[in-house]
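Engineer: Got a structure here, written out as structure tokens. Questions coming.
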Amino acid sequence: MSETDEVILEARHITKTYPAPNHRILKVNNDISLKFYRGKTLGIIGESGCGKSTLMRVLMALERPTEGQILYRGQDVTKLKGEKLRCHRQKIQMVFQDPSAAFSPRMRVMDIVCEPLLNFKRIRKRDKEETARRLLQMVELPGDFVWRYPHNMSGGERQRVGIARALALEPELVICDEATSSLDVSVQKTVMELLARLQKEKQIAYGFVSHDIALVQAAAHQAAVMYSGNVVEILPGEKLGGSCLHPYTEELADSAFDFKKDFRNFSPVVKRDSADDAVFLPGCPFQNRCSRCMEICRKKRPELKTVEREHQVACHLY
Ligand code: SF4
């Protein structure tokens, strides 16, 4: 990102903890600092349980961090309450993985996409149909879909409705939480194209949360790789495939499917330990899975260091 890029939301040293059995403290997010820029996509990648979803809830002000600040255009929103917090939530919206679970099956598309606008008194009830048709046109759905129910649509169509609803309030940041994971591959591509077009037109910042490294490489201007509650590498999205440095990112890149993979001659070589207890370990959280682990890795937690322009890595090898 260049210095002229406009920061919409900044997470500063966010830590989120929960009490764990045996009087231990579970650090689900550990000292995370990230920036979301206007018109750019920050991909957040990591396996299930790495703390991505908790971080998103904290960024959306649905949960308060245990430590740290969330700055929206320079203002700390972690202290907001009541009506001020409710108004702030208009600025950051979310597209969910499974839109059918996010919508009430009893609501028509018109009510689904206009609900946020009515809640914030941005439209009158009598303007609902016209507004819904305009929002559906934005996501390339026929206007007559305003009368449909979610179960009368395909997965891709439902996700377009989810995008229309998320953009209805004209947010500056949209968090796409595994937004295309449940879709067929061909539908995934068309939804990604739609998101890219809308970003270009409206200069929205996206937080693109995914466990699919190839998708994040294709979609993100910048990517943050998470492991066991820590951001272990931040790098330009296009570097994810060949120029990543952290051993965990390398493992993720190596696991991505491509046309050259041949499982007919498969022989397992990598020992994979659970990441569940890594959060309690002193030193590097990746130590039990890392083939290059050194003595220092078991004692001292590596901090993110800048190794090249726009590239930071938390590993004692660098
Ligand atoms: S700090 Fe050590 S254990 Fe952790 S990823 Fe780097 S080399 Fe591996």
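Engineer: To the nearest 0.05, what FRET efficiency results for residue 125 and residue 254 with a Förster distance of 51 Å applied to their C-beta separation?
Structural biologist: E(calc), rounded to 0.05, equals 0.40.
Engineer: For n ≥ 4 DSSP H runs only, could you compute -39500 (n - 2.57) per run for the chain, divide by its residues and tell me the 222 nm figure to the nearest 500?
Structural biologist: Taking each H run of at least 4 residues, the total per residue is -8000 deg cm²/dmol.
Engineer: Which of the cysteines in the chain are isolated, no other cysteine C-beta under 4.7 Å?
Structural biologist: Cys with no partner Cβ under 4.7 Å: 50, 87, 114, 176, 244, 315.
Engineer: Of the listed pairs 27/189; 16/121; 189/305; 35/84, which have alpha-carbon separations greater than 31 Å here?
Structural biologist: Too far apart for the 31 Å limit: 27/189; 16/121; 189/305.
Engineer: Determine the sum of side-chain charges near residue 193: Lys and Arg each +1, Asp and Glu each -1, restricted to other residues whose C-beta is under 14 angstrom from that of residue 193.
Structural biologist: The answer is +2.
Engineer: Now a separate question. Within region 66-95, whose backbone N sits under 18 Å from a point 7 Å along Cα→Cβ of residue 25?
Structural biologist: Answer for region 66-95: 66-69.
Engineer: Turning to a different aspect of this structure: Let's test this: bin the Cα-Cα distances of region 165-207 at 5 Å from zero up to the farthest pair and state each bin's percent.
Structural biologist: Percent of pairs per bin, in order: 5, 21, 30, 26, 13, 4.
Engineer: Semi-axes of the equivalent ellipsoid for the chain, please: Cα gyration tensor eigenvalues, times 5, square-rooted, ordered largest first, whole Å.
Structural biologist: 36, 23, 18
Engineer: Ranking request for peptides 167-173, 301-307, 188-194: highest mean number of other beta-carbon atoms within 10 Å first, then the rest in descending order.
Structural biologist: Taking the mean over residues of other Cβ atoms within 10 Å, the ranking is 167-173, 188-194, 301-307.
Engineer: If you don't mind, there's one more thing I want to ask. Please compute the length gained on full extension between residue 186 and residue 137, using 0.36 nm multiplied by the number of residues separating them and subtracting their Cα-Cα distance.
Structural biologist: 15.6 nm
Engineer: Within 15 Å, Cβ to Cβ, of residue 32, how many net charges do the neighbouring residues add up to if Lys/Arg are +1 and Asp/Glu are -1? List each step's numbers first, then the result.
Structural biologist: Numbers: positive: 12, 16, 27, 35, 52, 57, 64, 301; negative: 10, 31, 63, 67, 233, 303.
Net local charge, residue 32 excluded: +2.
Engineer: Let me ask something additional. Which order, highest average first, do 38-48, 223-233, 23-33 follow once you tally other Cβ atoms within 10 Å for each residue and take the mean per peptide?
Structural biologist: Averaged packing, sorted descending, gives the order 223-233, 38-48, 23-33.
Engineer: Given the Cα-Cα distance of residue 87 and residue 111 and 0.36 nm per residue of separation, how much length would full extension add, in nm?
Structural biologist: 6.6 nm
Engineer: Also, quick follow-up: Once the dipole of region 1-84 is set up with Lys and Arg at +1 and Asp and Glu at -1 on Cβ about the Cα centre, which of 9, 30, 42 lies farthest towards its positive end?
Structural biologist: 30
Engineer: If you don't mind, there's one more thing I want to ask. Report ³J(HN,Hα) in whole Hz for each residue of region 98-115, in order, from the Karplus equation J = 6.51 cos²θ - 1.76 cosθ + 1.60 where θ = phi - 60°; Gly and Pro get x.
Structural biologist: The phi angles translate into 10, x, 5, 7, 7, 9, 6, x, 8, 9, 6, 3, 4, 6, 5, 6, 8, 3 Hz.
Engineer: Here's a follow-up. Applying 1/(1 + (r/R0)^6) with R0 = 51 Å to the Cβ-Cβ distance of residue 196 and residue 299, what FRET efficiency is obtained, to the nearest 0.05?
Structural biologist: Working from the Cβ atoms, E equals 0.70.
Engineer: Give the whole-number value, in cubic angstrom per residue, of the convex hull volume spanned by the C-alpha atoms of region 105-262.
Structural biologist: Cα-based convex hull of region 105-262, divided per residue, equals 142 Å³.
Engineer: Put 184, 258, 127 in order of accessible area, largest first, 1.4 Å probe: what do you get?
Structural biologist: Of 184, 258, 127, the descending order of accessible area is 184, 258, 127.
Engineer: While we're here: Applying 1/(1 + (r/R0)^6) with R0 = 45 Å to the Cβ-Cβ distance of residue 265 and residue 151, what FRET efficiency is obtained, to the nearest 0.05?
Structural biologist: FRET efficiency, residue 265 to residue 151: 0.50.
The values are calculated or read from the model by the stated rules, or taken from the named source; none is laboratory data. Nothing here was measured: the structure is a model prediction, and the numbers come from that model. As a convention, Cβ positions derive from the backbone with ideal geometry for all residues, glycine included, and neighbour counts pool all protein chains shown. Side chains included, ligands, DNA and RNA excluded: accessible areas come from the protein's heavy atoms. Shrake-Rupley method; radii C 1.70, N 1.55, O 1.52, S 1.80 Å.
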